[in-house]
Amino acid sequence: MTTASKITLVRVALIPFFMVFLLLHIHGGADWLRWAALATFVVASVSDFLDGYIARHCNQVSDFGKFLDPLADKLLVTAAFIIFVEWGRMPAWAVVLVVAREFAISGLRMVAANNGTVIAAAWSGKIKTSCTMVGLIAMMAIQKGTDVANILDPVVMWVIVLTTVYSGIEYFVKNGKCLKLKG
């Protein structure tokens with residue numbers, strides 16, 4: 001197993017810790033739990049960039065990594081989104097939109113792969129991921145109910161929604177030919 005894949009596995013292993021810390025905090029636990037959740041999320045988010053860098057620059061790209069890396073990203077972000085809905089900081093419709101985009105792009109990639117085409121990550125998808133990670137980190141860092149959070153939460157939500165919609169449309173415009181219907 002490559003070093004890049006090991007880092008990705010660590011990211012997957014961090015997800016339950018992140019969830020437990022944040023869920024305990026939002027259900028009346030001490031504030032240090034929010035900071036522990038934030039630190040865990042930051043480490044997991046940074047590991048996403050680190051494993052990709054190592055895979056590309058150390059010639060460690062593998063089929064296992066190509067499968068596990070996007071899955072780990074989706075699990076981490078979806079876990080955060082679901083907790084943010086429970087916490088009352090993110091509307092469910094926005095989370096459904098983001099998750100639907102992830103399913104749609106994954107489906108498009110599967111169909112394309114079945115036809116021998118690889119759909120590489122687009123810059124708009126990378127921007128969407130970066131905005132999502134930074135936004136979620138900011139929301140965790142700012143305590144719910146403060147004046148800053150009351151402004152930050154909807155701004156972050158709209159940035160995530162708009163980058164998600166834009167990148168989803170871009171993927172389908174550029175790669176929709178992979179879905180051409182036969183007679």
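Is the range 26-46 home to any residue that is under 20 Å from K128 (Cβ atoms) and of a type in the set (D, E, K, R)? Checked against the condition, which is being under 20 Å from K128 (Cβ atoms) and of a type in the set (D, E, K, R), the range 26-46 yields no hits at all.
Just to be sure before I move on: is V111 in contact (Cβ under 8 Å) with a residue 12 or more places away in the chain, under 19 Å from A79 (Cα atoms) and in a helix (DSSP H, G or I) in the structure I sent? No, not satisfied.
Considering the range 53-70, and only residues there that are in contact with a Ser or Thr (Cβ under 9 Å, 6 or more places away or on another chain) and part of a helix (DSSP H, G or I), the residue that is surrounded by the fewest Cβ atoms within 10 Å (Cβ to Cβ) turns out to be F64.
For the range 76-96, a residue qualifies if it is among the hydrophobic types (A, V, I, L, M, F, W, C), open to solvent by less than 60 Å² (accessible area, probe 1.4 Å) and not in a loop (DSSP other than H, G, I, E, B), and the qualifying residues are L76, V77, A79, A80, F81, I83, F84, V85, W87, A92, A94, V95. Exactly one residue out of A104, A120, A13, A100 is assigned to a loop (DSSP other than H, G, I, E, B), exposed (fewer than 15 other Cβ atoms within 10 Å of the Cβ) and under 19 Å from the mean Cα position of the chain (by Cα), and it is A120.
The values are calculated or read from the model by the stated rules, or taken from the named source; none is laboratory data. Just so it is clear, the model here is predicted, and its values are computed rather than measured. FYI the Cβ positions are ideal-geometry reconstructions off the backbone, even for glycines, and counts take in every protein chain you see. In case anyone asks, the SASA skips ligands and DNA or RNA and just uses the protein heavy atoms, side chains included. Shrake-Rupley method; radii C 1.70, N 1.55, O 1.52, S 1.80 Å.
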